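The block underneath contains the structure these notes are about, expressed in structure tokens.
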Amino acid sequence: MKVQVKKSPSKGRDLKIILLKVYSLLHKIYGPQNWWPADSSFEVIVGAILTQNTNWSNVEKAITNLKTDNLLHPLALRNISTNKLAALIRPSGYYNIKTKRLKNFLDFLFSSYGGKLYRMKQTGLETLRKEILGVNGIGPETADSILLYALDKPIFVIDAYTRRITECLKITCQGSKYDDLQLVFMQNLPNDSRLFNEYHALIVAHSKAICKTKPDCEKCILCIEKRRRA
């Protein structure tokens, strides 16, 4: 991924040390997250698409419906009607749109890889990312979630939580582009999918606990550490 990173407020500081310190602090507090919670890689992919514009509890309800009908398999999900699929994933919200996105992904999976995820996994990261981003309705965050959590590719997922924390800690500029923010992590951390997985999951855990719409900065270990080093 050859994207130029914009200069950030952290210029002149060792970003590698800062990012690893953040990881260490979060891991000490929250411990291993074992994310993504799923029984299969395909379930991760379905969950990544369904979680767009909703919370995880709603996705879990939709996933449960699909499991009850034994549909969490590429061929099974491809063969059911759009109306039935929409009804089953209704709890996730925007169910008609998400039905189309799931069907679009399945069309891609079967046309390009014969419906086999192991074949997809054998494709290089850069090529595969371009292919997934080419699926109508799948943006960078969803694509990277699929790549990292379902296919074990070393790529860092950027979401609103990550953006909020890095801006608060002055690691990145406000309004940084997705690819620029992603490269801040990928160029300053070991190229390790397990690390990227755990790091992003810890950011989500911390954000849900502390860094909400109205962050509780007085209780935030990252803010406390930032003030201590100021």
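Since every read-out is calculated from the coordinates, none of them should be taken as a lab result. Predicted model only: the values in this text are computed from it and were never measured. Every residue, glycine among them, receives a Cβ derived from its backbone with ideal geometry; neighbour counts consider all protein chains shown.
Of note:
- Expected-Rg normalisation [2.2 N^0.38 Å, Cα atoms] applied to region 30-76: 1.19
- For region 16-95, projected area of the alpha-carbon convex hull averaged over all directions, nm²: 6.8 nm²
- With Cα atoms as the point set, the chain shows a radius of gyration and Dmax of 18.5, 58 Å.
- In a simple Cβ point-charge model (Lys, Arg +1; Asp, Glu -1; nothing else charged), the chain has a dipole of about 600 debye relative to its Cα centre.
- Pairwise Cα inverse-distance average, inverted: Kirkwood Rh of region 94-195 (Å): 14.8 Å
- The modelled label-to-label distance between Lys219 and Ile80, using points 7 Å beyond Cα along the C-beta direction, is 3.9 nm.
- Expected 222 nm ellipticity per residue - DSSP helices of 4 or more, -39500 (n - 2.57), all of the chain, to 500: -17500 deg cm²/dmol
- Most mobile of Gly175, Gly134, Gly93 in a GNM of the chain (Cα contacts under 10 Å): Gly175
- If the chain linking Leu20 and Arg228 were pulled fully straight, counting 0.36 nm for each residue of separation and taking away their Cα-Cα distance, it would gain 73.2 nm.
- Take every Cα pair under 8 Å whose residues are at least 6 apart in sequence, average their separation, divide by the length of the chain, and the relative contact order is 28 percent.
- Computed FRET value (nearest 0.05) for Tyr118 with Thr68, which takes r as the C-beta separation and R₀ as 30 Å: 0.70
- Helix 15-30 axis, angle to the chain major axis (alpha carbon atoms, nearest 10°): 70 degrees
- The angle separating the long axis of helix 95-113 from the principal Cα axis of greatest extent in the chain is about 80 degrees.
- Choice from Ala201, Ala150, Ala87 showing the highest fluctuation, given a GNM over the chain with Cα pairs closer than 10 Å: Ala87
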